[in-house]
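Have a look at the structure below before the remarks.
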Amino acid sequence: MRKTLLAAFATVVTACGLAFAAAPAQASTGGSADGDLHPDVGLIAFYDGDGRFRCSATLISPTVVITAAHCTLGTLGKTLVTFDTYLDDAPPSFLPVAADPSSGYTADELAAAGYLSGTAYTHPEYSDFTDLDNWNDVGVIVLDEPVASHSTAGYPSIAETGTLDLIAQRDFKETIFTAVGYGTEVRQDGVDNSQPIPQSYPIMRRYVEMPAQKITPQILQTNGNENDPWGTGGTCFGDSGGPVFLDGELVAVTSYGYTSNCRYLDGYQRVDIPVVEEWLATFAA
């Protein structure tokens, strides 16, 4: 899971209880500033009892924003939503502080601060990083007020059922996926420059191109190193819940990574599978 703690950026990798020690989702390693290429991809922020966190998400209908389950599970109060492409370049955080952090945000205080608000829901079969065969790391934010698509092409569409299964049947490692999110940038620290590490700022929307590494019934896995000859980088802390596109369609959301410096393999929850599609349909998404 690679959501980002906003009180003070955490570089500690959270173990997911799996033998391969995946880490909750991330921010961009390499990649490029997104600008207005994916305007329906937004940043969400919320309280969950352990602090205030941020993730990424995608507007897929007037009232439904899709993200990762680990970005919705245990949310206190409302979730903040914004689609601004550039948010902050240095601390202190630009985000409002809840009047009562133990209860989370309220709709009124988010509206007063100029942000959208919504209620978080978690897939009922989310395994909380314990069962790779039943991962289901998907959640939604149902907005309190409808929002029009920010793109002239309309809301991003979810790929047809089994799209990635068809990819897996051919030489899928030549298939390039696009991930978008507000994750931390991996770069040298500017002090001794001996080790590139995730940096808290700037906070902005970025995209990366990634070659496929593995496809399972639940998971898409990619190579997330910017030095890969077929890609431009990977995802990192704060990219959790952000979309993965193939040919302009949403096929997955960012779920986990293997390393604390976000330069190895990245894992994504598939959304082109019935267990996810049927749940999303209950929100008229």
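The values are calculated or read from the model by the stated rules, or taken from the named source; none is laboratory data. Note that the structure is predicted; figures quoted are calculated from it, not measured. Cβ placement follows ideal geometry from the backbone for every residue including glycine, while neighbour counts extend to all protein chains displayed. Side chains are part of the model used for accessible areas, which takes the heavy atoms of the whole protein and leaves out ligands, DNA and RNA. Shrake-Rupley method; radii C 1.70, N 1.55, O 1.52, S 1.80 Å.
For the range 96-121, which positions are open to solvent by 40 Å² or more (accessible area, probe 1.4 Å) and polar (S, T, N, Q)?
Answer for the range 96-121, where residues must be open to solvent by 40 Å² or more (accessible area, probe 1.4 Å) and polar (S, T, N, Q): Ser102, Ser103, Thr106, Thr119.
Pull out all pairs, ordered by first then second residue, where Cβ-Cβ is under 6 Å, the residues are six or more apart or on different chains, the first lies in the range 109-132 and is without any contact (Cβ under 8 Å) to a residue 40 or more places away in the chain, and the second is assigned to a helix (DSSP H, G or I).
Hits for this filter: Ser117/Ala107; Ser117/Leu110; Ser127/Asn134.
Can you name the strands (runs of 3 or more DSSP E) wholly within the range 56-134 that have at least 1 residues being at pLDDT below 95 and closer than 24 Å to Glu185 by Cα?
So the answer is 86-88.
When the range 128-149 is examined, which residues are found to be touching a helix residue (DSSP H, G or I) at 6+ places or on another chain (Cβ under 6 Å) and open to solvent by 20 Å² or more (accessible area, probe 1.4 Å)?
Asp144
How many residues does the range 48-67 contain that are more than 17 Å from Arg205 (Cα to Cα), touching a strand residue (DSSP E or B) at 6+ places or on another chain (Cβ under 8 Å), open to solvent by less than 30 Å² (accessible area, probe 1.4 Å) and not charged (D, E, K, R)?
Number satisfying all stated conditions: 3.
Restricting attention to the range 15-37, and to residues there that are part of a loop (DSSP other than H, G, I, E, B) and crowded, with 24+ Cβ neighbours inside 10 Å, which single residue is modelled with the highest pLDDT?
Per the stated criteria, the residue is Gly31.
Do we have Ile44 as open to solvent by less than 10 Å² (accessible area, probe 1.4 Å), at pLDDT 95 or above and either closer than 11 Å to Ile141 by Cα or not β-branched (Val, Ile, Thr) (or both) here?
yes
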